[in-house]
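Take this structure first; my questions come after.
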Amino acid sequence: MLRIEGLDVYHGYVQAVRGLSLHVKEGELLAILGANGAGKSTLLGTLAGLHKPAKGNILVKRKGDTPPNKEKGNTPVGGMSQVECPQLWKDITNTSPEKMVRQGISLVPERREIFSSLSVLDNLMLGAYHRYRRDKATILCDVREVMEIFPALKGREKEMAGTLSGGLQQMLAIGRALMAHPKLLLLDEPSVGLAPLVVREIMSILSQLKKTGVTIMLVEQNTRAALKVADRALVMERGSITISGSSAELMSDSKVQQAYLGRARVQPAWGQA
Amino acid sequence: MSDQLLQLLFSGLTLGSIYSLIALALVTTFNITGVLNLALGEFAAIGALLAISLYATGMPLIAAFILSIVLVAIMGGVLERAAIYPARRASGLTLIIITIGLSISLRGLALLIWGTDTYSLPAFSKGGPFFIGGAALNPQSIWILGLAVLTLSLLYAFFELTYAGRAVKAAVINRTAARLVGINPSTVSFWAFVGSGALGAAAGIFIAPVTMTTYDMGFMLGIKGFVAAVIGGLSNVGGAVLGGLLLGVLESYSAGLISSGLKDALAIIILLAVLLLRPQGILGVLGERKI
């Protein structure tokens, strides 16, 4: 549902993403791992429209129900070569953040970035800003639905978002992104600074969300937690992908184990002699 | 003597409400856009002059009033697109200098159109002044105070009770997050200038019956509004209103009891004193988040 081709992104003179190409499948949970400064957050930020890529393309699949030249009707019988295929992919490179949301891409940013001096309810309602005019009547039902996903937020609707604990703020940030009804949810290190139990809760919510059909890209430093819920994972180093594969493959990859899971390489020669 | 003190208080509060209105528009725009619009006094002057000219064509006062507000609001929006929007990535200082440039250009434009004559508008309601405790209160003063109260309540209602108001607040609290949910800060900035144009024009028209309206009256109004906003802490809406009233009363007493030559100097002295002694303003808390 998302294709990235040869993406280059700079922060000033520093190149944060180098020639990155990636295909995200519909409905999968893709984990992006890597050390600090590997370009993971920049990649997500670029997808959300916060950074402008210097090179490369970002494409999303068009909505299946509206192929652009459906109107043409009479398909020539003459053979495949004459059939004009509908443009399946739509180029959304260089779209501004406020329009990316309308393309169905929602980012839960690093450090949550909730509206701290607004109430929990206002935060959630504003998440639906881009569709407020259309769906005014059902917004409160959507809020209730999000509250079902995050029961810990129930009863706190009137509280200032800034007074919530870190875990609740993270849930609120995810809830706010969900209010936009995204097709692709981008999460930038949701586990950072949270207690292990809360991390587990958030990860299990992510795997639940996946079942509702949302495609998820999860950037994490907490490799173990991320690999547990992800279908597929890739490792970024200095702006490009170095390892990619299914979660199980990465879990057993010796390089990943050594670098990110903290397991020393097995060295049978030691201690035996 | 006490009659005179009361009289000075009344005229001080009238003057203060005017400053409060300008300060309100200044602070609201500043909170929303981060731009200190020093051309706001000119919005008031042009609003008043336009209303006077429209009224002179034989239009009823209320129609002239509304049309003038609409025109200045449009002018505010056009100026935002033409001068502020292209420089939106520039530093705050650059933007302030742009608004100073706007203020000078608008004053020049007003001079070309209206010349150096002094104009006036009839009072909104007929009838002489009320006498309270031996001091006269001009009905127009009540209109001005009423406008200040109305504006404050409307602003409060907008920010606290409407979805759009909440979206504007969100854009102020966290610009990046606001963009991520689809709020376009540049649209918000546009409407903030439209709103401040309307508010500035309304303030100018309300005071036109009690002051001498000239092409350059915006300069002093803008400075007084700015001083009032600084007294209140620059980002505090309540502080701006208090600051305006305080400045008006102090001016009135110093002019009445000491010397009328002191009136304009006082504002600048207060500005310096506040900046040196309490830069966060009377209500401000240092390092507080905006709104």
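Those residues that are out of contact with any helix residue (DSSP H, G or I) (no Cβ under 7 Å at 6 or more places or on another chain) and either over 23 Å from A:Ala54 (Cβ atoms) or open to solvent by less than 10 Å² (accessible area, probe 1.4 Å) (or both), I need them from region A:224-243; list them, please. Break it down stepwise before answering.
Residues of region A:224-243 out of contact with any helix residue (DSSP H, G or I) (no Cβ under 7 Å at 6 or more places or on another chain): A:224, A:226, A:234, A:237-242.
Correct list: A:Arg224, A:Ala226, A:Leu234, A:Gly239.
Okay, next question. What number of residues within region B:34-73 satisfy the criterion of being assigned to a helix (DSSP H, G or I), among the hydroxyl-bearing types (Ser, Thr, Tyr) and surrounded by fewer than 24 Cβ atoms within 10 Å (Cβ to Cβ)? Lay out the reasoning, then the answer.
Here is the first cut: in region B:34-73, the ones assigned to a helix (DSSP H, G or I) are B:40-56, B:61-73.
Cutting the leftovers down to among the hydroxyl-bearing types (Ser, Thr, Tyr) gives us B:53, B:55, B:68.
Then drop every residue that is not surrounded by fewer than 24 Cβ atoms within 10 Å (Cβ to Cβ), which leaves B:53, B:55.
Residues flagged as assigned to a helix (DSSP H, G or I), among the hydroxyl-bearing types (Ser, Thr, Tyr) and surrounded by fewer than 24 Cβ atoms within 10 Å (Cβ to Cβ) within region B:34-73 amount to 2.
May I pose another question? Among the listed residues B:Leu145, B:Leu95, B:Leu150, B:Leu111, identify the single one that is closer than 24 Å to B:Thr211 by Cβ and in contact with a helix residue (DSSP H, G or I) (Cβ under 8 Å, 6 or more places away or on another chain). Walk me through how you get there before you give the answer.
Working: B:Leu95 fails: closer than 24 Å to B:Thr211 by Cβ; B:Leu150 fails: in contact with a helix residue (DSSP H, G or I) (Cβ under 8 Å, 6 or more places away or on another chain); B:Leu111 fails: in contact with a helix residue (DSSP H, G or I) (Cβ under 8 Å, 6 or more places away or on another chain).
Among B:Leu145, B:Leu95, B:Leu150, B:Leu111, only B:Leu145 is closer than 24 Å to B:Thr211 by Cβ and in contact with a helix residue (DSSP H, G or I) (Cβ under 8 Å, 6 or more places away or on another chain).
Also, quick follow-up: Answer yes or no: is there a residue in region B:14-22 that is farther than 21 Å from B:Phe158 by Cα, in contact with a strand residue (DSSP E or B) (Cβ under 9 Å, 6 or more places away or on another chain), at pLDDT below 90 and assigned to a helix (DSSP H, G or I).
Checking region B:14-22: at least one residue is farther than 21 Å from B:Phe158 by Cα, in contact with a strand residue (DSSP E or B) (Cβ under 9 Å, 6 or more places away or on another chain), at pLDDT below 90 and assigned to a helix (DSSP H, G or I).
Oh, and also: Being facing chain B (nearest Cβ under 9 Å), in contact with a Lys or Arg (Cβ under 6 Å, 6 or more places away or on another chain) and buried (at least 22 other Cβ atoms within 10 Å of the Cβ) is the filter here; which residues of region A:93-125 pass it?
A:Pro97, A:Asn123
Take A:Arg134 and decide whether it is open to solvent by 50 Å² or more (accessible area, probe 1.4 Å) and either within 8 Å of another protein chain (Cβ to nearest Cβ) or at pLDDT 90 or above (or both).
Values: open to solvent by 50 Å² or more (accessible area, probe 1.4 Å): yes; either within 8 Å of another protein chain (Cβ to nearest Cβ) or at pLDDT 90 or above (or both): no.
Spelling it out, it is not the case that A:Arg134 is open to solvent by 50 Å² or more (accessible area, probe 1.4 Å) and either within 8 Å of another protein chain (Cβ to nearest Cβ) or at pLDDT 90 or above (or both).
Looking at region B:92-115, is at least one residue assigned to a loop (DSSP other than H, G, I, E, B), at pLDDT below 90 and either touching a Leu at 6+ places or on another chain (Cβ under 8 Å) or of a type outside the set (Lys, Arg) (or both)? Steps first, please.
Taking region B:92-115 and keeping what is assigned to a loop (DSSP other than H, G, I, E, B), we get B:115.
In the following step, the residues that additionally are at pLDDT below 90 were identified as none.
Within region B:92-115, not a single residue is assigned to a loop (DSSP other than H, G, I, E, B), at pLDDT below 90 and either touching a Leu at 6+ places or on another chain (Cβ under 8 Å) or of a type outside the set (Lys, Arg) (or both).
Assess whether B:Val78 counts as being touching a residue at least 24 places away in the same chain (Cβ under 8 Å) and of a type in the set (A, V, I, L, M). Walk me through it before giving the result.
Numbers: touching a residue at least 24 places away in the same chain (Cβ under 8 Å): no; of a type in the set (A, V, I, L, M): yes.
In short, no.
Tell me yes or no: at least one residue of region B:85-100 is within 21 Å of B:Ala203 (Cα to Cα) and open to solvent by 40 Å² or more (accessible area, probe 1.4 Å).
Looking only at region B:85-100, we keep the residues that are within 21 Å of B:Ala203 (Cα to Cα), and these are B:99-100.
Subsequent filtering for residues that are open to solvent by 40 Å² or more (accessible area, probe 1.4 Å) retains B:100.
Checked region B:85-100: at least one residue is within 21 Å of B:Ala203 (Cα to Cα) and open to solvent by 40 Å² or more (accessible area, probe 1.4 Å).
The values are calculated or read from the model by the stated rules, or taken from the named source; none is laboratory data. Everything numeric here is computed off the predicted structure, so don't read it as measured data. Neighbour counts run over all protein chains shown; Cβ positions are idealised from the backbone, glycine included. Areas reflect the complete protein model, heavy atoms only, side chains present, ligands, DNA and RNA absent. Shrake-Rupley method; radii C 1.70, N 1.55, O 1.52, S 1.80 Å.
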